[in-house]
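> Mind having a look at this structure? Questions to follow.
The values are calculated or read from the model by the stated rules, or taken from the named source; none is laboratory data. Just so we're clear, the structure is a prediction, and the values are computed from it rather than from any experiment. Positions of Cβ are backbone-derived with ideal geometry, glycine not excepted, and every protein chain shown enters the neighbour counts. Accessible surface areas use protein heavy atoms only, side chains included; no ligands, DNA or RNA. Shrake-Rupley method; radii C 1.70, N 1.55, O 1.52, S 1.80 Å.
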Amino acid sequence: MGLKLVIVYASTGGNTKETAELAAEGAAGAGAEVDSYNAYGLDASILLEAQAILLGEPTWGDGDHHADWSPFDESMADLLQEQRRLEGVPAAAFVGCDRAYRNFGRAVELIEYRLEECGAKIMQQGLKIELKHNDHSRVFTRQWGADFVRRATGELPRQPHRPAMTREQADAVMGISATDRNDRGKRGLR
Ligand SMILES: Cc1cc2nc3c(=O)[nH]c(=O)nc-3n(C[C@H](O)[C@H](O)[C@H](O)COP(=O)(O)O)c2cc1C
């Protein structure tokens, strides 16, 4: 029996949903048994069954939780936090983001703090996918999911998760170099 991985996500435009799907593909390829859920209306007790956890939402508001995520986050606080019921469970975060906003992908930290308060152990750096996947980020995200499973099972070492991904690291996920970014800037693109 593979590692039982629970993925919970929220998404409005589909970007973060696709991240959840790609990470699930990678994780399943690395031998995990994956169950994925939309956070809307979901109770955090679903996490009690998990041997490993991936949580993701688009960064919303002004660097805040997505509206579909907030009740799930509150449910985690109510149910799991006081007795640290996720003690030692391997976990990681993935978010949608957009550098046009001041708090770039800050939902990564919000999710990680909640997971840590519930006792979970963050195994690798949170993934920030800006606006929409491309072929490069799809490959990266499948690998991110597979690596997470290998870290959770001890096959790979734990990766420091702070500081969170910078804009430049998020560009690397999309296969965009600093030169590309400057050229895009000159052409009036973000
Ligand atoms: C109302 C609104 C607020 C947002 N606020 C932020 C923000 O504070 N920081 C950020 O990095 N991205 C922010 N974004 C960008 C989204 O996180 C980004 O577009 C994401 O890819 C959407 O994911 P989805 O397609 O899964 O809904 C915001 C988007 C919207 C529509």
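> In the chain, with Lys and Arg counted as +1 and Asp and Glu as -1 at Cβ, which of these residues, 145, 51, 182, has the Cα nearest the positive end of the dipole, that is, farthest along it?
182
> Turning to a different aspect of this structure: Note down the net charge around residue 140, summing +1 for each Lys or Arg and -1 for each Asp or Glu among other residues with Cβ under 13 Å from its Cβ.
Values: positive: 128, 138, 142; negative: 18, 25, 130, 135, 147, 171.
After counting each charged neighbour, the total is -3.
> Before I look further, what does segment 44-190 give for accessible area per residue, probe 1.4 Å, in whole square angstrom?
Working: 7150 Å² over 147 residues.
Each residue of segment 44-190 exposes 49 Å² on average to a 1.4 Å probe.
> Here's another thing I want to ask about it. Calculate how many DSSP beta bridges within the chain are antiparallel, expressed in % of all such bridges and rounded to the nearest 5. Can you show the working numbers first?
On the way: 1 of 24 bridges.
Given both bridge residues lie in the chain, the antiparallel proportion sits at roughly 5 percent.
> Still on this structure: With θ taken as phi - 60° and the coefficients 6.51, -1.76 and 1.60, list the Karplus ³J(HN,Hα) couplings across segment 7-21 in order, rounded to whole Hz; mark glycine and proline as x.
Couplings: 10, 10, 9, 10, 6, 9, x, x, 5, 6, 4, 5, 4, 4, 5 Hz.
> With a/c under 1.5 counting as rounded, go ahead and sort segment 1-92 into rounded, prolate or oblate using the C-alpha gyration tensor (a ≥ b ≥ c being the square roots of the eigenvalues; past the cut-off, prolate if a/b is larger than b/c, else oblate). Please report the intermediate quantities before stating the final value.
Values: a/c = 2.17, a/b = 1.11, b/c = 1.95.
Cα axes put segment 1-92 in the oblate bin.
> Of the listed peptides 35-42, 106-113, what is their order by residue-averaged count of other C-beta atoms within 10 Å, with the highest listed first? Don't skip to the answer; put the middle values down first.
Numbers: 35-42: 15.2, 106-113: 21.9.
Order by mean packing, descending: 106-113, 35-42.
> Compute the orientation-averaged projected area for segment 83-160 from the convex hull of its Cα atoms and round it to one decimal in nm².
Spelled out: convex hull of the Cα atoms, projected over all directions, averaged, 5.6 nm².
> Mind checking the log10 I(q)/I(0) for segment 4-186 at q = 0.14, 0.17 Å⁻¹? Debye, one equal scatterer per Cα, no solvent, two decimals.
-0.69, -1.03
> Rounded to the nearest 20 Debye, what is the dipole magnitude of segment 4-186 about its Cα centre when Lys and Arg each give +1 and Asp and Glu each give -1 at the C-beta? Numbers along the way, then the final one.
Details: 21 positive and 29 negative charges, 134 e Å.
Charge dipole, segment 4-186, about its Cα centre: 640 debye, nearest 20.
> Quick one: which residues, 5 or more positions from residue 36 or on another chain, have an amide H under 5 Å from its amide H? H modelled 1.01 Å from N in the peptide plane, none for Pro or chain starts.
Residues meeting the criterion, in which the H sits 1.01 Å from N, are 7.
> Would you please state the base-10 log of I(q)/I(0) at q = 0.14, 0.22, 0.27 1/Å for segment 46-95, with intensities from the Debye formula using one equal scatterer on every alpha carbon?
Per q value, in the given order, log10 I(q)/I(0) is -0.39, -0.90, -1.15.
> Now for a separate question. For n ≥ 4 DSSP H runs only, could you compute -39500 (n - 2.57) per run for the chain, divide by its residues and tell me the 222 nm figure to the nearest 500?
Numbers: 6 runs with 68 residues, N = 190.
Theoretical 222 nm ellipticity from helices: -11000 deg cm²/dmol.
> Of 118, 134, 101, which is farthest along the charge dipole of segment 100-145 in the positive direction, counting Lys and Arg as +1 and Asp and Glu as -1 at C-beta?
Ranked along the dipole, the leading option is 134.
> On to the next question. Take peptides 89-100, 14-25 and line them up by average Cβ neighbours within 10 Å, highest first, as a rough protection proxy.
Details: 89-100: 23.5, 14-25: 21.2.
With the highest mean Cβ count within 10 Å placed first, the list reads 89-100, 14-25.
> Net charge near residue 166, counting Lys/Arg +1 and Asp/Glu -1 over other residues with Cβ under 14 Å of its Cβ? Spell out each step's value before the answer.
Details: positive: 99, 106, 128, 162, 167, 181; negative: 109, 130, 168, 171.
Taking every Cβ under 14 Å from that of residue 166, the sum is +2.
> What net charge is computed for the residues neighbouring residue 178, neighbours being all others with C-beta under 9 Å from the C-beta of residue 178, Lys and Arg scored +1, Asp and Glu -1?
Numbers: positive: 181; negative: 168, 171, 180.
Taking every Cβ under 9 Å from that of residue 178, the sum is -2.
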